[in-house]
């Protein structure tokens, strides 16, 4: 029995030391990694641009090398800031993503947890009355919630009410003594200890959403299951993340707090009042700043999760709209060929091997094309259309009456109106066959071509369709010319 327990514990320890969290703390350059990440990232700076991070890490390496000795140099990476950051992304300490139009780095949940374990904030990790009380309260609440006996639960509630009544009586009589500053300091340190786990919890929720997004996209691209089934599974997993995990519950609670303006205002006011209390002078500057940033830390964590949710929904919706199994398989095959080609190339090349750029696309070998083509022009113009001396015949009615303006009749009519004429009066005096709505447009076109002048007032005319229905039009009065004016 003892041997199997030891073997199981050893296997669990091996698995734990393979996680990025312990790998970060156990690595050769762990002090530098922890120091660099704690300097670059903070509660009010959760993301750093890729180019900025490369510069900052390079500058830190340069300063530490200049200030240290040979022994210190062996504890520092010998590469550039860019190579260091790329390695941190590869081993899972940094996440790389697009924020708007900028590429940024963010701490992963493993890196946040490692920084918590290293505890560079100066708060320490010690047993205190406040933490023990928090643990006892949690155990008592768990026991009460899991107790199915109503009598015992009722007795506990009455005992709590009696204790509250006793405290109220003490305060009303003025005999209650204030808590000592050292106990209040322990309470504040416990609050800081609890708040330090929030960023890791929020980051884990965001990473869980990203992992679900990748799984959904993979299942959609494989086209092995119906799209509706894949999306239903995604929704169920999202609900389980928010309800069944500790980090999901932390996010849900923070979301309820952030969503209540009165509660978040009261929360911020309480933090501000705490910093003005006498016991707060026992906190150092780092602890005071960290206590003041608790609300901001919660807002940034909730924003990170909501951003991950929006991005996942956008990516999945785009994949559903543009899902083409055949094309996706072609893209997957192309990417696999590219990766295989890169692996084969790296086996025979070194990082210092120069790479010749592709200056032009290769020419496809398609054999010999014909060098001469026949004359594509027709041998002669097409024959003119003939009417054979008779007009066309219509089955039911002459539909030409519903066609465009009768330009020839309108131009002949305008030529007999004199040098100038009022457009509205001219249309009212036209023949019935040229008083359709389209003929009004044709008359306007002819007037505009010959030249027209705006006049005072509004012209109102009545046009008649071929079926006898009438329609009235109003437009600014204009004086038109029968012939085009000479320049």
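How many of the residues making up segment 201-227 are farther than 18 Å from residue 328 by Cβ and out of contact with any strand residue (DSSP E or B) (no Cβ under 9 Å at 6 or more places or on another chain)?
Summing the residues that are farther than 18 Å from residue 328 by Cβ and out of contact with any strand residue (DSSP E or B) (no Cβ under 9 Å at 6 or more places or on another chain) in segment 201-227 gives 8.
It is to be established whether one or more residues within segment 152-165 are modelled with pLDDT of 80 or more, in contact with a strand residue (DSSP E or B) (Cβ under 6 Å, 6 or more places away or on another chain) and either assigned by TED's automatic domain parsing to the domain that holds residue 57 or surrounded by 13 or more Cβ atoms within 10 Å (Cβ to Cβ) (or both). The answer is no, given that none of the residues of segment 152-165 is modelled with pLDDT of 80 or more, in contact with a strand residue (DSSP E or B) (Cβ under 6 Å, 6 or more places away or on another chain) and either assigned by TED's automatic domain parsing to the domain that holds residue 57 or surrounded by 13 or more Cβ atoms within 10 Å (Cβ to Cβ) (or both). Every listed requirement among (1) in contact (Cβ under 8 Å) with a residue 24 or more places away in the chain; (2) farther than 19 Å from residue 207 by Cβ; (3) not in a loop (DSSP other than H, G, I, E, B) is met by residue 87 save one, (1).
Look at (1) closer than 23 Å to residue 208 by Cα; (2) in contact (Cβ under 8 Å) with a residue 12 or more places away in the chain and you find that residue 318 fails only one, number (2).
Residues checked against (1) assigned to a helix (DSSP H, G or I); (2) at pLDDT 85 or above; (3) not assigned by TED's automatic domain parsing to the domain that holds residue 407:
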| position | (1), (2), (3) |
| --- | --- |
| 425 | yes, yes, no |
| 438 | yes, yes, no |
| 443 | yes, yes, no |
| 455 | no, no, no |
| 472 | no, yes, no |
| 486 | no, no, yes |
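Could we say that residue 245 is touching a helix residue (DSSP H, G or I) at 6+ places or on another chain (Cβ under 9 Å), surrounded by 14 or more Cβ atoms within 10 Å (Cβ to Cβ) and at pLDDT 80 or above here? When the stated conditions are applied, residue 245 does not pass them. Scanning segment 398-423 for residues that are part of a loop (DSSP other than H, G, I, E, B) and farther than 21 Å from residue 468 by Cα gives 416, 417, 418, 419. For residue 170, indicate whether it is surrounded by 11 or more Cβ atoms within 10 Å (Cβ to Cβ), in contact with a helix residue (DSSP H, G or I) (Cβ under 9 Å, 6 or more places away or on another chain) and assigned to a helix (DSSP H, G or I). No.
Counting the residues of segment 90-121 that are outside any loop (DSSP other than H, G, I, E, B), over 17 Å from residue 308 (Cβ atoms) and without any contact (Cβ under 8 Å) to a residue 40 or more places away in the chain gives 1. Is there a residue being surrounded by 20 or more Cβ atoms within 10 Å (Cβ to Cβ), within 14 Å of residue 316 (Cα to Cα) and in contact with a helix residue (DSSP H, G or I) (Cβ under 6 Å, 6 or more places away or on another chain) anywhere in segment 190-206? So far as segment 190-206 goes, no, none of its residues is surrounded by 20 or more Cβ atoms within 10 Å (Cβ to Cβ), within 14 Å of residue 316 (Cα to Cα) and in contact with a helix residue (DSSP H, G or I) (Cβ under 6 Å, 6 or more places away or on another chain). Within segment 258-270, the residues that satisfy the criterion of being at pLDDT below 80 and in a helix (DSSP H, G or I) are 258, 261, 262, 263, 264, 265, 266, 267, 268.
The values are calculated or read from the model by the stated rules, or taken from the named source; none is laboratory data. No experiment lies behind these values; they were computed from the predicted model shown. Cβ coordinates were reconstructed from backbone atoms using ideal geometry, including for glycine residues, and neighbour counts include every protein chain displayed.
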